[in-house]
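The values are calculated or read from the model by the stated rules, or taken from the named source; none is laboratory data. Predicted model, so just to flag it, every value in this text is computed and none were measured. Using ideal geometry, Cβ is built from the backbone for each residue, glycine included, and neighbour counts are taken over all protein chains shown. Accessible surface is based on the protein model in full, side chains and every heavy atom, while ligands, DNA and RNA are left aside. Shrake-Rupley method; radii C 1.70, N 1.55, O 1.52, S 1.80 Å.
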Amino acid sequence: MTNLQMKEAALVYLDRSGGLQKFMDDCKHYNDSNQSYAVYRFNILINPSDVVELDAALGNHILHHPLKAAQVFQSVCFVAVKTLSLIGQLQTETQINIVLKLTHLPPLPSYSLDLCEFPLNYTSERFYMMQGIVIATTTVTKYTQGARFLCSDEVCPLSKGFQYIRVHVPGATESATVRNDFSCNLCSSSLEEDRKFRVLGDKQIVEIITIKVLHAFQGDSKSQPFRFQSLSIFLRDELVDKMKIGNEYKIIGIPVCVKTSQTALCIEANSITPYTAKVPSGISDNFRCLLSLTSNSCWKFTAILANVFASQIVPPGTYNLLKLCLLMSLVQTSDCNKGSEDCLDILIITSDSLLVDRLLNYSMNLVSRGIRHPVSTEVFPTVSRNKYGTGAGSIQAGSALLAKGGVCFIGDLTSHKKDKLEQLQSVLESRSLTVFIPGKKFGDDVDQQMTFPIQCSFWSFVDMDSSSRRNIQKTSTLIGQMDCSLIPANLVEAFGLLINCNESSPCHPCLPTVQHTLKKATDPEGLLYLASKQFTTEDFEKLLAFAKNLIMEFSLEAERMIHGYYLASRRIRTDSIHGSKLSASALKHLVSLSEAHARLNLRNKVLKEDVLIAALLFEISLTLKYGATAFCVAPNALFPFELYNEEYLEQRDLYLTQCQQQLQQFIATCGPGTALFSSDE
């Protein structure tokens with residue numbers, strides 16, 4: 001196809017797609033400014049499917065030779081400017097800088113760049129599509145978008161006008177666009193830049209990793225060792241600040257080699273699209289059948305879920321309270337950009353850290369963003385100098401931002417230093433973190449700060465079984481209170497739930513756990529229980545993925561009960577000296593717990609039965625912190641009986657019904673200005 005035919009096809013496409021009208025509007029903006037520019041930059045939106053349908057040769061040219069295709073559109077646009085007198089100040093074709101913005105690429109393997117495959121094709125200088133999670137980003141700096149050069153010999157005809165225009169092309173460094181060793185093509189004299197015509201643009205560098213790499217942060221002992229490497233993405237002009245740390249994106253760009261201290265493969269981004277995970281359509285048949293069989297109760301389904309959950313790690317019927325809380329925390333995670341008010345943080349006091357560690361590690365792997373914090377890295381974002389020599393500061397994500405929309409498991413809380421615990425407390429209370437970037441250190445005149453929302457649930461535990469900690473435990477004089485002096489009181493309060501997981505208690509008999517451990521040692525891959533075959537790990541993954549995307553609403557009586565319990569509990573735990581022991585976030589925790597139980601029941605509406613479970617869990621947590629009160633809740637209130645058959649489930653329902661009546665009586669007695677709400681009201 002001749003160059004003229006390709007230009008004609010480009011003009012037809014611009015006319016049909018509306019791109020020509022947009023180009024004329026952009027020209028009017030330049031013309032109205034009455035200012036002469038060295039470079040006039042235009043973005044042209046290209047739909048490859050439409051172009052290929054119109055003219056296959058032009059479409060192929062755009063997809064496989066994008067820099068040459070841009071020159072075709074440059075010629076078309078220059079003729080349009082001159083023919084229609086769109087920009088009076090424009091003199092030469094080289095002053096027009098055309099950037100082709102692609103809407104998508106063909107869904108074919110040859111157009112996809114997998115960051116886990118080797119070798120990567122970076123020599124073709126064509127468009128590829130890649131997908132990844134942002135793990136680092138630099139501050140915004142300037143780069144030379146275009147510059148005007150003049151011949152230094154004044155008698156040379158090229159010492160005037162706009163004959164020598166240099167613009168940035170993908171992969172070019174700053175020195176490739178602007179330097180002092182260019183020479184005139186006519187007289188061979190050196191060229192000098194006319195600095196008043198230099199056009200500057202914004203530049204930012206982000207680093208991404210593929211979603212597969214997250215397996216390295218999930219603590220899966222069965223995973224084979226593998227190596228991963230981040231890929232740098234150059235964002236320019238309108239793409240700056242479009243990628244946020246922790247988010248996943250689909251990126252269309254051109255691979256280039258950038259030479260710094262060593263050659264590195266990078267991507268010049270052309271377009272960016274946030275990635276949205278598909279919402280699952282339903283749950284497994286076994287869970288659907290179980291839900292139908294337990295539809296006469298608001299409590300049976302979640303009780304059975306907790307009973308059989310993680311049977312690969314602990315035997316069914318053990319650690320039910322902890323497993324219920326973990327499931328509730330998991331359904332409060334989100335794949336979409338929801339706020340952080342739904343997060344459900346859990347702190348566990350345990351004497352068997354090994355088993356609890358395994359249980360938490362297994363649970364967090366059920367969501368896509370379950371991150372086990374490596375001890376050698378930082379939990380929260382940090383600032384360092386970027387490796388490309390631009391002088392800008394680079395903000396590294398840390399485990400918390402990588403776990404966006406999921407769970408960040410930070411291990412034993414006492415293994416973290418005091419300053420990190422203070423930082424964690426601040427994040428749990430505010431759900432955000434501000435990073436300070438000193439200007440002098442990173443080549444800027446002013447200091448900067450960036451604030452990041454922290455949108456993940458934190459899991460942690462405190463191992464009370466070590467000899468050093470066992471000897472310093474204090475005996476409390478308050479009923480139900482546990483000594484938590486190892487951890488700052490404000491940090492304990494910042495966690496939504498505090499759970500005492502004592503394996504030697506009646507709730508956690510030792511013998512089944514010992515038998516389970518021995519059987520697993522002899523047959524690691526074996527399914528020891530019928531529950532493991534009926535409700536597999538994949539079944540739970542589908543259940544959680546479906547439940548966490550449910551849109552919730554509160555019934556009127558559920559709202560009344562939440563506020564009634566909150567006011568009553570706040571009143572009874574308030575004294576004239578220290579004020580209220582309930583934190584400002586207590587009501588938020590109660591709402592999140594109620595929502596979580598309703599989600600786990602696969603309901604869209606929160607009922608008073610869900611609020612009861614939330615109140616019991618919250619009261620158990622408060623009792624561990626401050627001791628029991630008038631609303632006295634037993635440590636095993638949610639699982640008072642061993643769940644063997646339907647009869648025991650019925651007994652549990654009767655027990656929880658009595659607890660609900662006690663809760664209503666507590667609200668009526670201790671809630672200021674509240675009354676016992678009947679079903680009619």
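Could you tell me how many of the residues in segment 65-92 are at positive phi and open to solvent by less than 40 Å² (accessible area, probe 1.4 Å)?
Our first condition is that a residue be at positive phi; within segment 65-92, this holds for 85.
Add one more test, that the residue is open to solvent by less than 40 Å² (accessible area, probe 1.4 Å), and what stays is none.
Residues that pass the stated criteria total 0.
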Problem set entry | Condition met for Val314 (closer than 24 Å to Leu497 by Cβ, of a type in the set (A, V, I, L, M) and at pLDDT below 90) | yes
Problem set entry | Residues within segment 351-378 that are touching a strand residue (DSSP E or B) at 6+ places or on another chain (Cβ under 6 Å), under 24 Å from Lys418 (Cα atoms) and at pLDDT 90 or above, tallied | 5
Problem set entry | Pairs where the first residue, in segment 46-64, is at positive phi and the second is not aliphatic (A, V, I, L, M), C-beta under 6 Å, 6+ apart | none
Problem set entry | Residues being more than 17 Å from Thr94 (Cα to Cα) and at pLDDT below 90 - total across segment 161-194 | 8
For this session: Kindly provide the set of residues from segment 481-490 that are modelled with pLDDT of 85 or more and crowded, with 20+ Cβ neighbours inside 10 Å, ordered by number.
Result: none
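Regarding segment 606-614, can at least one residue be identified that is open to solvent by less than 10 Å² (accessible area, probe 1.4 Å), over 30 Å from Gly282 (Cβ atoms), over 28 Å from the mean Cα position of the chain (by Cα) and not charged (D, E, K, R)? Spell out the reasoning first.
Of all residues in segment 606-614, those open to solvent by less than 10 Å² (accessible area, probe 1.4 Å) come to 606, 610-614.
If we keep only those that are over 30 Å from Gly282 (Cβ atoms) as well, we get none.
Within segment 606-614, none of the residues are open to solvent by less than 10 Å² (accessible area, probe 1.4 Å), over 30 Å from Gly282 (Cβ atoms), over 28 Å from the mean Cα position of the chain (by Cα) and not charged (D, E, K, R).
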Exercise. Does segment 608-620 contain any residue that is at pLDDT 85 or above, closer than 13 Å to Arg560 by Cα, touching a Cys at 6+ places or on another chain (Cβ under 8 Å) and outside any helix (DSSP H, G or I)?
Worked result: no
Exercise. Among the listed residues Val367, Val356, which satisfies the condition of being within 23 Å of the chain's Cα centre (by Cα) and among the hydrophobic types (A, V, I, L, M, F, W, C)?
Worked result: Val367
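Quick one: which residue in Glu429, Glu378 is touching a helix residue (DSSP H, G or I) at 6+ places or on another chain (Cβ under 6 Å), of a type outside the set (Ser, Thr, Tyr), open to solvent by 10 Å² or more (accessible area, probe 1.4 Å) and more than 30 Å from Phe234 (Cβ to Cβ)?
Numbers: Glu378 fails: more than 30 Å from Phe234 (Cβ to Cβ).
None of the others qualify; the one that does is Glu429.
For (1) part of a helix (DSSP H, G or I); (2) open to solvent by 20 Å² or more (accessible area, probe 1.4 Å); (3) at pLDDT 90 or above; (4) aliphatic (A, V, I, L, M), each residue gets a yes or a no:
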| site | (1), (2), (3), (4) |
| --- | --- |
| Gln224 | no, yes, no, no |
| Gln229 | no, yes, no, no |
| Ile251 | no, no, yes, yes |
| Asn270 | no, no, yes, no |
| Cys298 | no, yes, yes, no |
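When you check Ser415 against the structure, is it closer than 23 Å to Ala584 by Cα and at pLDDT below 90, yes or no?
Working: closer than 23 Å to Ala584 by Cα: no; at pLDDT below 90: yes.
Criteria not met by Ser415.
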